[in-house]
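Please read the structure below before turning to the comments.
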């Protein structure tokens, strides 16, 4: 059994969105409670979020945008769009989320752990360079990609996004970049309306964005066919130096924000396929970052399955 890290901080609960908002602190409470009750929490290496992040956030977001988020909630709860809320603690919590993901990258690169799951909030993959949306303030995985390139001198980063919603922000940030390959499998048509097959990148980034839109009702069988037949061979050709997962669990059959039928078994097999790829290409180096997932029981059980798979993975399970 190999070391798997866990990033979590109780301050992640301080981003308050309102009792009825789907992206609320109960999500992390459910995840951590499930890990503790199962005994899995004690097997994970705790990774502390303690990085200074502003320099790396500015590689992805403009200074003016970062300042806008910092100031937005100072006087109380504010809606940045129809469903993206900030309050007095939101900026510091969002910065701490980025910090946790960077710490996870360092832990994997140092060999302290082989892989890490980041139980952070707010999520990030909808956040564009200068736009908050879809519950997201800062793009955690995008900042991590630039950090890995800048600090650890890695060239090629693969981002695997299996959230039910297309990660428009991540795509937007790297759309003309041939050093970051963005793969997304998502329900379509669905929020935010992006992620068509023909969206393949532009300029030198053309061919480095791969979108696989899925129709409502798709489940484990359809998802695993895509991972085996489309994603895996394309990713092997890219040969990444590090893999980041935008791990949304809102494609689960019980999630209120999706019409997909993915189960815990599906998330297990997708994780195994990504880990097989990482073993082949980049010494098993993976950091997984929480995105969506809004049914508390299915979120908790899916994350538990995902982490158990990261922890106990052995090469060759993909076949």
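The values are calculated or read from the model by the stated rules, or taken from the named source; none is laboratory data. All of these numbers come straight from a predicted model, not from anything done at the bench. Backbone-built Cβ (ideal geometry, glycine too); neighbour counts: all protein chains shown.
Within region 139-157, work out how many residues are on the phi < 0 side of the Ramachandran plot and more than 12 Å from the chain's Cα centre (by Cα).
So the answer is 11.
Please determine, by comparing only the residues of region 204-259 that are in contact (Cβ under 8 Å) with a residue 60 or more places away in the chain, touching a strand residue (DSSP E or B) at 6+ places or on another chain (Cβ under 8 Å) and assigned to a helix (DSSP H, G or I), which one is farthest from residue 291 (Cα to Cα).
Going through the qualifying residues, I end up with 238.
Only one of these conditions is not met by residue 106: (1) out of contact with any strand residue (DSSP E or B) (no Cβ under 8 Å at 6 or more places or on another chain); (2) surrounded by fewer than 24 Cβ atoms within 10 Å (Cβ to Cβ); (3) outside any helix (DSSP H, G or I). Which number is it?
It is condition (3) that residue 106 fails.
Kindly provide the set of residues from region 4-35 that are closer than 24 Å to residue 311 by Cβ, touching a helix residue (DSSP H, G or I) at 6+ places or on another chain (Cβ under 8 Å) and either free of Cβ contacts under 8 Å to residues at least 24 places away in the same chain or in a loop (DSSP other than H, G, I, E, B) (or both), ordered by number.
Across region 4-35, the qualifying residues are 8, 9, 29.
So how many residues does region 260-292 have that are in a strand (DSSP E or B) and surrounded by fewer than 24 Cβ atoms within 10 Å (Cβ to Cβ)?
Kept after step one, since they are in a strand (DSSP E or B), are these residues of region 260-292: 261-262, 286-290.
Applying the additional criterion that residues be surrounded by fewer than 24 Cβ atoms within 10 Å (Cβ to Cβ) yields 261.
Selection size over region 260-292: 1.
So residue 49 ticks every box in (1) part of a helix (DSSP H, G or I); (2) within 22 Å of the chain's Cα centre (by Cα); (3) buried (at least 16 other Cβ atoms within 10 Å of the Cβ) but one. Which box is left unticked?
(1)
Restrict the check to region 289-304 and report whether at least one residue is modelled with pLDDT of 95 or more and on the phi > 0 side of the Ramachandran plot.
yes
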